[in-house]
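Shown next, in structure tokens, is the structure this report addresses.
The values are calculated or read from the model by the stated rules, or taken from the named source; none is laboratory data. Here the structure is a predicted model, which means the values were calculated and not measured. Please note: Cβ atoms are built from the backbone with ideal geometry, for glycine as well, and neighbour counts cover all protein chains shown.
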Number of protein chains: 2
Amino acid sequence: MANDNRSIAVFDSGIGGLTVVRELMHRLPNEDIVYFGDTARVPYGIKSSETVTRFARETCEFLLQFDPKIIVVACNTASAAALPTLKETLPVPSIGVVEPGAREAILRARGGTIAVIATEATINSDAYRRAMRRFDEGARVIQKPCPLFVPIAEEGRASGDAITMAVARDYLEPLVRLDPNVLVMGCTHYPLLREAIAQVVGDGVALIDSGEQTARAVIADLTERSALNNAETAGRLTCYVSDNPQRFRELGQRFLNKTIVDVTWISPEQFYSVGHVKTA
Amino acid sequence: MANDNRSIAVFDSGIGGLTVVRELMHRLPNEDIVYFGDTARVPYGIKSSETVTRFARETCEFLLQFDPKIIVVACNTASAAALPTLKETLPVPSIGVVEPGAREAILRARGGTIAVIATEATINSDAYRRAMRRFDEGARVIQKPCPLFVPIAEEGRASGDAITMAVARDYLEPLVRLDPNVLVMGCTHYPLLREAIAQVVGDGVALIDSGEQTARAVIADLTERSALNNAETAGRLTCYVSDNPQRFRELGQRFLNKTIVDVTWISPEQFYSVGHVKTA
């Protein structure tokens, strides 16, 4: 049986991508995962496509030194802005969160209206709607940026919190009036607010977690390429951040749903030195 | 009469510092102002002191090319983290927002309790309390991070908005119970939420706008050094940003209270090339 014990590399602007890691660890417990959170430059969601693409390219250069078998762009903003460009130059396969979420939304909508909530940058990129229309050119898509959801999730406000519920109603009720039957959580922070979101949109609307769909897509890809790790020992999660390892560890536990043991702070000299070698 | 027609340089992590510029333009209408907003790396308020200091130093290198007569650190997080370090190496005078706000708070408190609200990084640095205790070693200071105020102000939610009011009550009511007689708005975004804040804390609490106090301190410094610009023509505001000039222009108008005409997007190559020359 084929075996590939190289790591799965995952990156995000900060901690949100850990919701994707959580799904990967749950489904592929013996894979090693290398995670990079760009916490010195977080968030990406309010930045331009050009800048986000530059950040993502630099991060991929950093991650390539670990010889990964796949790079998972576990950030909707970076997937929307940079994935096509990255795919052109990366020497390993890569997968983003937009396409798996979009595909599942099309399957579940059965012709109904699909609502997408995400950061400003993801919505402005129109990436979800474009991906959905590649799967179904008649797809009807409505999209709304929800900028306060990220800081609310980072503050650790639970779904039952009064502020969380007030903000969820404020953002989502105008969407509900258009009667969607699917809602895509197009930001890796949003699954932490899943209950609040579900309560506002009601049982009739299927919630799609793009991160969960991405974990499935990674498994499908590795299976197809016979690149799963068949080790019988538990995989290891190694985290690198560009700033504030303490904050990453504290907040990250909520996103990962378990303790984060191994976090290393990468100085800019280190981060860029790798990039310069690789691009030289 | 002495005259110094060089610019006043002002910087912030993003748009918040424009509330300081607004005060400067109001009080010194014939001064030229060069503003830099580090919108590619905004916000600073959740980042480590080391990283914020690096960002601030790089920005100062960029601004020195304009031969300013003073550099105003119009960002509480950067003032708290980096100002002492910057002062050691900068070849021109510099002024931050923490000390002017702290001084005014001491004067107004007359021995009562002083509450400070700011970003996580500013509160963690303890810079306001330390500055206040330099002016009055018996000062009683309580401090609270209010992370949602920045994205709420950036979303353009007015003070009357239901979410703004709910968040203001959530953050501030526990402070009000400790009966402060002064509240320092220790983040340049917060003056946009002044009415909501005032409504929750009530008439008995004096609100200090650190940005306004900083503008006064700049005038005092330039007057003392005979470095005011005596031109009779209106001064010019020139803005540079590291990302997203369009978003800066749109949001910035609310912070500046007038139209922003002149915004230039600085590429990283340009930003760093200046720094490398200066530090070489």
Taking A:GLY211 and the conditions (1) free of Cβ contacts under 8 Å to residues at least 60 places away in the same chain; (2) more than 14 Å from chain B (Cβ to nearest Cβ); (3) crowded, with 19+ Cβ neighbours inside 10 Å, which numbered condition does it fall short on, given that it satisfies the others? (1)
Output for segment A:219-250, where each listed residue is within 14 Å of chain B (Cβ to nearest Cβ) and either within 15 Å of A:SER7 (Cβ to Cβ) or of a type outside the set (Phe, Trp, Tyr) (or both): A:VAL241, A:SER242, A:ASP243, A:ASN244, A:PRO245, A:GLN246, A:ARG247, A:ARG249, A:GLU250
Residue pairs qualifying under the 7 Å Cβ cut-off, at least six apart or on distinct chains, with the first in segment A:21-32 being in contact (Cβ under 8 Å) with a residue 60 or more places away in the chain and the second being surrounded by fewer than 18 Cβ atoms within 10 Å (Cβ to Cβ) and part of a helix (DSSP H, G or I), are A:ARG27/A:ILE219; A:LEU28/A:ILE219
Just to be sure, is A:ASP203 out of contact with any Asp or Glu (no Cβ under 9 Å at 6 or more places or on another chain), among the charged types (D, E, K, R) and either more than 14 Å from chain B (Cβ to nearest Cβ) or within 21 Å of A:LEU63 (Cα to Cα) (or both)? yes
What tally of residues in segment B:214-231 results from selecting those that are without any contact (Cβ under 8 Å) to a residue 40 or more places away in the chain and surrounded by 16 or more Cβ atoms within 10 Å (Cβ to Cβ)? 0
Please tell me if A:ARG108 is among the charged types (D, E, K, R), modelled with pLDDT of 95 or more and over 16 Å from A:ILE208 (Cβ atoms). no
Scan segment B:222-252 for residues that are within 17 Å of the chain's Cα centre (by Cα) and not hydroxyl-bearing (Ser, Thr, Tyr) and report the count. 6
For residues that are closer than 20 Å to A:ASP209 by Cβ and away from chain B (no Cβ under 13 Å), tally how many sit in segment A:251-269. 7
Could you list all residues from segment B:232-275 that are of a type in the set (Ser, Thr, Tyr), assigned to a loop (DSSP other than H, G, I, E, B) and without any contact (Cβ under 8 Å) to a residue 60 or more places away in the chain? B:THR259, B:SER267
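Rundown of residues vs (1) among the hydroxyl-bearing types (Ser, Thr, Tyr); (2) within 18 Å of B:ALA81 (Cβ to Cβ), yes/no style:
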| site | (1), (2) |
| --- | --- |
| B:SER94 | yes, yes |
| B:ASN124 | no, yes |
| B:ARG130 | no, yes |
| B:GLU154 | no, no |
| B:ILE163 | no, no |
| B:ALA166 | no, no |
| B:ASN181 | no, no |
Quick check, is A:ASN76 of a type in the set (S, T, N, Q) and at pLDDT below 95? no
Going through segment B:39-48 one residue at a time, which ones are within 10 Å of another protein chain (Cβ to nearest Cβ) and small (Gly, Ala, Ser)? B:ALA40, B:SER48
If the requirement is being buried (at least 22 other Cβ atoms within 10 Å of the Cβ), of a type in the set (S, T, N, Q) and more than 20 Å from B:ARG216 (Cα to Cα), which of these qualifies: B:THR59, B:THR89, B:THR53? B:THR59
Could we say that A:ASN181 is out of contact with any strand residue (DSSP E or B) (no Cβ under 7 Å at 6 or more places or on another chain) and surrounded by fewer than 21 Cβ atoms within 10 Å (Cβ to Cβ) here? no
Restricting segment A:182-197 to residues that are within 14 Å of chain B (Cβ to nearest Cβ) and part of a helix (DSSP H, G or I), the one nearest to A:LYS258 (Cα to Cα) turns out to be A:LEU193
Pick out, from segment A:66-181, the helices (runs of 4 or more DSSP H) lying fully within it that include 1 or more residues that are more than 14 Å from chain B (Cβ to nearest Cβ) and within 20 Å of the chain's Cα centre (by Cα). A:76-89, A:98-109, A:120-125, A:127-135
In the list A:PHE55, A:PHE36, which residue meets the criterion of being away from chain B (no Cβ under 12 Å), at pLDDT 95 or above and touching a helix residue (DSSP H, G or I) at 6+ places or on another chain (Cβ under 8 Å)? A:PHE36
Taking segment B:234-275 as the search range and keeping residues that are small (Gly, Ala, Ser) and within 19 Å of B:THR19 (Cβ to Cβ), which one is surrounded by the most Cβ atoms within 10 Å (Cβ to Cβ)? B:GLY252
Scan segment B:1-20 for residues that are closer than 19 Å to B:GLY186 by Cβ and either assigned to a strand (DSSP E or B) or touching a Leu at 6+ places or on another chain (Cβ under 6 Å) (or both) and jot them down. B:VAL10, B:PHE11, B:ASP12, B:ILE15, B:LEU18
